1. If the Cβ limit is 9 Å and pairs must be 6+ apart or interchain, which residue in the stretch 47-68 that is within 28 Å of E83 (Cα to Cα) pairs with which residue that is part of a helix (DSSP H, G or I)?
2. Answer with yes or no whether L71 is surrounded by 10 or more Cβ atoms within 10 Å (Cβ to Cβ), closer than 30 Å to E101 by Cα and without any contact (Cβ under 8 Å) to a residue 12 or more places away in the chain.
3. Please go through the stretch 85-101 and give me each residue that is closer than 19 Å to L71 by Cα and surrounded by 10 or more Cβ atoms within 10 Å (Cβ to Cβ), ordered by number.
4. Condition first: part of a loop (DSSP other than H, G, I, E, B) and of a type in the set (A, V, I, L, M). Now tell me which residues in the stretch 88-104 satisfy that.
5. Given the conditions (1) surrounded by fewer than 10 Cβ atoms within 10 Å (Cβ to Cβ); (2) over 26 Å from the mean Cα position of the chain (by Cα); (3) not small (G, A, S), and given that N26 satisfies all but one, which numbered condition is not satisfied?
Amino acid sequence: MTAMRNPLQLMKRAILPALGLLVIANFVGYAVVGENGVLSWGDYRRAKAEKAAQLAQLQTERDRLQHRAQLLDPRNVDPDLAEEMVRRNLGLVRPDEVIVELPADPAAAPAVAPRR
């Protein structure tokens, strides 16, 4: 009878420490491979670098737009910019003008064929 009791008593004694180890292993697992774990730090650094590049691009665009807004100040309008905007928005062209459209991106422009 003592041989049967020993395994049961041994299992009863081991249940609480085993549960404790499982809980600790669960927390350690989430700390290492979880959503905010140690292994996800590289992804955070990569995402931070991407966001920094995007921020720099947006700041450049904001500065460009701010400069154009200053040129359109009602007290001191830049005549060239005002004429450009009026012609673009209203489609006004004088009879003696020739319109040459350029691509928005110079890198996307087709190569000029050499003359023969």
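All of the numbers you see were taken from the coordinates with simple rules; none came from a lab. Note that this is a predicted model, so its numbers are computed, not measured. Note that each Cβ is placed from the backbone with ideal geometry, even for glycine, and that neighbours are counted across all protein chains shown.
1. R68/L81
2. Values: surrounded by 10 or more Cβ atoms within 10 Å (Cβ to Cβ): yes; closer than 30 Å to E101 by Cα: yes; without any contact (Cβ under 8 Å) to a residue 12 or more places away in the chain: yes.
Against the criterion (surrounded by 10 or more Cβ atoms within 10 Å (Cβ to Cβ), closer than 30 Å to E101 by Cα and without any contact (Cβ under 8 Å) to a residue 12 or more places away in the chain), L71 qualifies.
3. Matches in the stretch 85-101: M85, V86, R87.
4. Taking the stretch 88-104 as the starting set, the residues that turn out to be part of a loop (DSSP other than H, G, I, E, B) are 91-104.
Result: L92, V93, V98, I99, V100, L102, A104.
5. (1)
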